[in-house]
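Undergrad: Quick one: structure below, then a few questions.
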Ligand SMILES: Nc1ncnc2c1ncn2[C@@H]1O[C@H](COP(=O)(O)OP(=O)(O)OP(=O)(O)O)[C@@H](O)[C@H]1O
Ligand SMILES: [Mg+2]
Ligand SMILES: [Zn+2]
């Protein structure tokens, strides 16, 4: 599986490079037709470039001076080219190579290591699998609607659902904005249909846009991955990759904790993941329908004290938005 995905991603890079190279050629033709002087400039630049490479062989004694002279000529030509383009209403870099990711020049690798864009593409496949891709376009900080939360008192809660949600919303924004600097983790708990997954998506999307790797898994799926990995005899490469992502992603979102079938093995695996992430300063968001007491009953003491000590805990309450929307 893993190799499948990687091959697929690499093919995408190839297609991207082909597409951009094609686009660059079209631009060149267009400009050469419109502004013939630019073709002359390009020709001169490449002639000078060849000269440059011969200097060291032909004139080793005053190579440096000659080098500088030619480089200056090239610089002047490039400047003229840029000005010509600008005067005619084109961006100065219109004829430069085109890259979607200038860091790795759309190769997916920087000095033999996977570029952030490569990692993100791999993660995107996980997203596609978990169906979050579609939700992400609909659920983000711009579409978050505070009106769904009532401003009337709610049960014994001190704050109205609206006020409570304003605090949570601000904390989520803050989580995104201070992502690199802080060591905050988040736990969302509360009953169903209150926007826990929605806010996870808001955060996921924002961080993905910043180039962070984000892995979203429901607890159910997560434990499936763990179980598969543990009990499978031929551990496919992709399973391992999925497992690694859980530990290595900049952000791991575990949604719906408490819905999975629980046992001692799962508890200890969960502890390992959460713990490793804490040690390695990687952030995690957990969402659950369980109360803290219920969590304590479901999972080991160790997990709960880990969570309480290292997570900002937010209670969601109010009326089920799913119900409200279907009215
Ligand atoms: N602030 C919001 N603005 C607009 N739509 C929202 C908001 N919060 C939630 N929704 C919508 O309400 C529905 C329920 O939200 P969501 O799935 O996030 O709830 P949840 O708290 O994760 O529930 P569960 O515990 O059942 O998983 C979704 O369709 C979601 O798009
Ligand atoms: Mg949810
Ligand atoms: Zn890249």
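Undergrad: Taking just the alpha carbons, could you work out the radius of gyration and Dmax for region 2-107, both in angstroms?
TA: 18.2, 55
Undergrad: At a threshold of 8 angstrom on Cα-Cα distance, excluding pairs fewer than six apart, so keeping six or more, what relative contact order does the chain reach in percent?
TA: 20 percent
Undergrad: Something else: Cut-off 10 angstrom, C-alpha nodes, Gaussian network model of the chain. Which of 41, 167, 286 fluctuates the most?
TA: 41
Undergrad: So, one more: For region 266-327 and region 95-111, compute the distance between their C-alpha centroids and round to whole Å.
TA: The two parts, judged by their Cα centres, are 39 Å apart.
Undergrad: If you build a Gaussian network model of the chain, linking Cα atoms that sit under 10 Å apart, which residue out of 68, 96, 228 swings the most?
TA: 68
Undergrad: While we're here: Which of the peptides 271-278, 13-20, 86-93 is most tightly packed, and how do the rest follow, going by the mean number of other Cβ atoms within 10 Å of each residue?
TA: 271-278, 13-20, 86-93
Undergrad: Given a Förster distance of 51 Å, report the FRET efficiency between residue 259 and residue 92 from their Cβ-Cβ distance, rounded to the nearest 0.05.
TA: With a Förster radius of 51 Å, E is 0.40.
Undergrad: With all pairs of different alpha carbon atoms counted, what Kirkwood hydrodynamic radius in Å does region 224-320 show?
TA: One over the average 1/r among Cα pairs gives 14.5 Å for region 224-320.
Undergrad: When the chain is modelled as a GNM with alpha-carbon springs shorter than 10 Å, which of 39, 306, 135 fluctuates the most?
TA: 39
Undergrad: Contour minus end-to-end for residue 291 and residue 323, with contour as 0.36 nm per residue of separation and end-to-end as the Cα-Cα distance?
TA: Full extension of this stretch gives 9.4 nm more.
Undergrad: Taking the Cα-to-Cβ direction at residue 53 and at residue 312 and moving 7 Å from each Cα, how far apart do the two end points lie in nm?
TA: 5.5 nm
Undergrad: Let me ask something additional. Per the Debye formula with a single identical scatterer at each Cα and no solvent contribution, what log10 I(q)/I(0) holds for region 115-326 at q = 0.07, 0.11, 0.14, 0.18 Å⁻¹?
TA: The Debye formula, applied to the Cα set alone, gives -0.21, -0.52, -0.86, -1.42.
Undergrad: Working only with C-alpha atoms, what are the Rg and Dmax values of region 175-261, expressed in angstrom?
TA: In order Rg, Dmax, the Cα atoms of region 175-261 give 14.4, 43 Å.
Undergrad: When only C-alpha pairs under 8 Å and at least 6 residues apart count, what is the relative contact order of region 2-107, in percent?
TA: 40 percent
Laboratory data are not the source of any read-out in this text; all were calculated from the coordinates shown. Not measured: the values here are computed from a predicted model. Glycine also receives a Cβ, built like all others from the backbone with ideal geometry; neighbour counts cover every protein chain displayed.
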